[in-house]
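Written below as structure tokens is the structure these notes are about.
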Amino acid sequence: MRKNKLINNFFVLMTGSMFAQIITIIFTPVITRIYSPESIGNSNVIISLSAILLPLVTIGMHYAIVVSDNDRESNSISNMTRNITILFSIFLLFILNILPSSFFVYFNIPNENYCYPLI
């Protein structure tokens, strides 16, 4: 029984990642027609930094939701992860408002106004 549950959890994670990649592949031609290469590059810098910071922000708790034993524990972990992420996003927005020029100059991003919705 335990092995079957492990296989089910594996396939849930695998199919979720697979569908995310498929959506990216499908919409890439549409995005490249709408935005300039410079805009796509700037957003990719922000997205890459977010991908690096995500495990630090959530403390890896998003993986614990999948392996939790009951719904109450899953909801508790989900709420905690959401609250930590919201607090870190507010903190990051505050930092970017204090030090905007140094951050955007360091990563060679010319216009910082469009990046705030990505945070």
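The values are calculated or read from the model by the stated rules, or taken from the named source; none is laboratory data. As the structure is a prediction and not an experimental result, all values here were calculated from the model. Positions of Cβ are backbone-derived with ideal geometry, glycine not excepted, and every protein chain shown enters the neighbour counts. We work out accessible area using only protein heavy atoms, side chains counted, and drop any ligands, DNA or RNA first. Shrake-Rupley method; radii C 1.70, N 1.55, O 1.52, S 1.80 Å.
Rg/Rh for the stretch 25-73: what does it come to with C-alpha atoms and Rh from Kirkwood?
Details: Rg = 16.7 Å, Rh = 13.6 Å.
Dividing the radius of gyration by the Kirkwood radius yields 1.23.
Heavy-atom accessible area of Val45 with all protein chains present, probe 1.4 Å, nearest 10 Å²?
40 Å²
Can you give the extra length, in nm with one decimal, that the chain gains between Leu53 and Phe27 once fully stretched, where that is 0.36 nm per residue apart less the Cα-Cα distance? All intermediate terms of the calculation are to be shown ahead of the outcome.
Numbers: separation 26, 0.36 × 26 = 9.36 nm, distance 2.47 nm.
Contour length minus Cα-Cα distance gives 6.9 nm.
Convert each backbone phi in the stretch 68-82 into a coupling constant with the Karplus relation 6.51 cos²θ - 1.76 cosθ + 1.60 (shift: θ = phi - 60°), then list the ³J(HN,Hα) values in order as whole Hz, x for Gly and Pro.
In residue order, the calculated couplings are 5, 7, 9, 5, 5, 5, 4, 5, 5, 5, 4, 5, 5, 5, 4 Hz.
Percent of Cα-Cα pairs per 5 Å bin, from 0 to the last occupied bin, for the stretch 1-91, please list those.
2, 11, 13, 17, 18, 15, 12, 6, 3, 1, 0
What length, rounded to one decimal in nm, is gained on full extension from Ser68 through to Phe94, with 0.36 nm per residue of separation minus their alpha-carbon distance?
Working: separation 26, 0.36 × 26 = 9.36 nm, distance 3.37 nm.
Here the answer is 6.0 nm.
Ignoring everything but the protein chains, give the 1.4 Å probe accessible area of Met18 in square angstrom, nearest 10.
90 Å²
In whole Hz and in residue order, list the ³J(HN,Hα) couplings for the stretch 31-48 that follow from phi through the Karplus curve 6.51 cos²θ - 1.76 cosθ + 1.60, θ = phi - 60°; x for Gly and Pro.
5, 5, 7, 7, 10, 6, x, 5, 5, 5, x, 4, 5, 5, 5, 5, 5, 5
Taking the highest mean first, how do the peptides 70-76, 23-29, 81-87 order by number of other beta carbon atoms within 10 angstrom per residue? Each step should come with its number before you reach the end.
Working: 70-76: 11.3, 23-29: 9.7, 81-87: 13.3.
The most tightly packed comes first, giving 81-87, 70-76, 23-29.
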